[in-house]
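Quick notes on the structure that follows.
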Amino acid sequence: MYTRLLFGALTLSASTLAAQAPVSSSRPAIRPLGSVKAVSKDSMGIVFNVRALPGGKLLVNDAANRRVVLLDSNFAVIKVVADTTPGNPNAYGGGLASLIAFRGDSTLFVDAQSLSMLVIDGNGEVQRVMSVPRAQDAMMLAAGGMGTGAFYSNGHLVYRGMPAMRMQINNGVPQMPSLPDTMAITRVNLQTRVVDTLGFVKIPKTNTNISRTDDGKMNISIEVNPLPTVDEWTVLPNGDVALLRGRDYHVDWVEANGARRVSPKMAFDWKRMTDEDKSKLVDSVKSILDAQAAGNPNQGQAMASAFGAMMGGGAGGGAPRTQVMVRMEGGPGGGGSAPTRAPQVSAPKINVVSASEIPDYQPPFFANSTRADADGNLWVLTIPTKPQPAGSVYDVINGKGEVAERVLVPAGRTILGFGPGGVVYLAERTATSTKIERATVR
């Protein structure tokens, strides 16, 4: 939701700022996406990701309803593969979960909570259960709804790593660790469990500060950059890993055999951000955040309750419910002891960085904006730099690292995934539901 609103803010300002940007004449003209061939009759919950199967069938990770369903070519439900029904051996846990295209027509369903992976065949039958290669990476393997997630490639799982974090607690006040602004793209062999690093990508960075008032209540402040320069990555059907660089818009490739190559910089309509532009953007995003907070006051309280429960283990006491390593230093309870009940936490306040931290040139894309189609192209949802038709414009980058096409996806839709034969699956989302559309690329 936040990203969509920010897209709107940038689109509204594009006509003012476009005159300052050097325009490249080598950019392809924008063409519309192909026609929609089918629309789901019933809305699903928040769909994290999908897996296209032969015959037009589709596996859907309906995260809001905690289930995986198999749909036919008309989007009718063939079967429920996994859900929360008591006694169902194919359980959908309470944490992050994601679908990963596996060997042939099979699919992995990764459940971070149980540290397991269901192997689902092309008919939606669970054939066996595997353990995740490394328990500490389960959340990133299952992060398909939060970002790129994981991919299968030639006997390996490829995913973005997550560094170990240690949160200290001084005098009862948590001290959040400083997170790096780069992360490793990791590959693990499913047979030998050998892990290697393919490269590094720049990610968005947030700063979290926690303070405690005299009456013991914790105040949380989260500072975000609304326009960070980041990298993207994905895995192509042939096993090549593409690392898309946001600073100068080029692709670094790691081929399936380990060979590396670098594509030239691609043309882009770079837009210079003046000091006035930066200030206007920061003010606009602040207004958006204030409007969101006013329109949904319960959201902040829900975040506060979740944080309090994580720190204190809920009303019943016990250890903190967190996967972050926690070290107690001083404070009530003595050194090393865990809090016995959840502290009171105020609704978190989301702040925006100062205008001086906005980049001098608008980045070409946000995080989580890149997907690979069945033909080996990268589809990159670009940030508008000048007036464009209603909808979202994707750069289609071929295996040479060239922008071959620019495609307009209808307004209110985002790309969920691709199928063979030039099929693209779209999501029309509301705050609580998703309708799925099947369209053609051309």
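Please treat every number below as a calculation from the coordinates, not as lab data. Please read these numbers as outputs of a predicted model, since none were measured by experiment. Counting neighbours? That spans all protein chains shown, and the Cβs are built from the backbone with ideal geometry, glycine included.
Using 0.36 nm times the number of residues separating Asp248 and Thr85, minus their current alpha carbon distance, what extension gain do you get? Could you put the intermediate results ahead of the total?
Working: separation 163, 0.36 × 163 = 58.68 nm, distance 4.91 nm.
The span from Asp248 to Thr85 would gain 53.8 nm if fully extended.
What's the FRET efficiency of Val194 with Val126 using the Cβ-Cβ distance as r and R₀ = 22 Å, to the nearest 0.05? Could you put the intermediate results ahead of the total?
Details: r = 27 Å, r/R0 = 1.24.
Computed FRET efficiency for Val194 and Val126 comes out at 0.20.
Looking at the calculated P(r) for the stretch 37-84, what percent of the C-alpha pair distances fall above 15 Å?
Details: 425 of 1128 pairs.
Across the stretch 37-84, Cα pairs with separations above 15 Å total 38 percent.
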Which value in nm describes the separation of the simple spin-label points at Ile78 and Asp214, placed 7 Å from the Cα toward the beta carbon? 6.7
Label-point separation, Thr440 to Thr206 (7 Å along Cα→Cβ), nm: 4.2
So how much slack lies between Asn154 and Arg103, counting 0.36 nm per residue of separation and subtracting their Cα-Cα distance, in nm? 17.5 nm
Given R₀ = 45 Å, FRET efficiency for Arg134-Ala293 by Cβ-Cβ distance, to 0.05? 0.75
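Can you order the peptides 422-430, 38-46 by their average number of other Cβ atoms within 10 Å per residue, highest first?
On the way: 422-430: 18.7, 38-46: 15.3.
Top to bottom by mean Cβ count within 10 Å: 422-430, 38-46.
Under the rule a/c < 1.5 gives rounded, and otherwise a/b versus b/c splits prolate from oblate, where does the stretch 343-437 land using the Cα gyration tensor?
oblate
FRET efficiency for Ala411 and Val262, Cβ-Cβ distance as r, R0 = 35 Å, nearest 0.05? Display every interim value, and only then the final one.
On the way: r = 35 Å, r/R0 = 1.01.
So the FRET efficiency works out to roughly 0.50.
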Which residues among the stretch 390-410 fall inside the zone where the amide N is under 16 Å from a point 7 Å beyond the Cα of Val39, along Cα→Cβ? 410
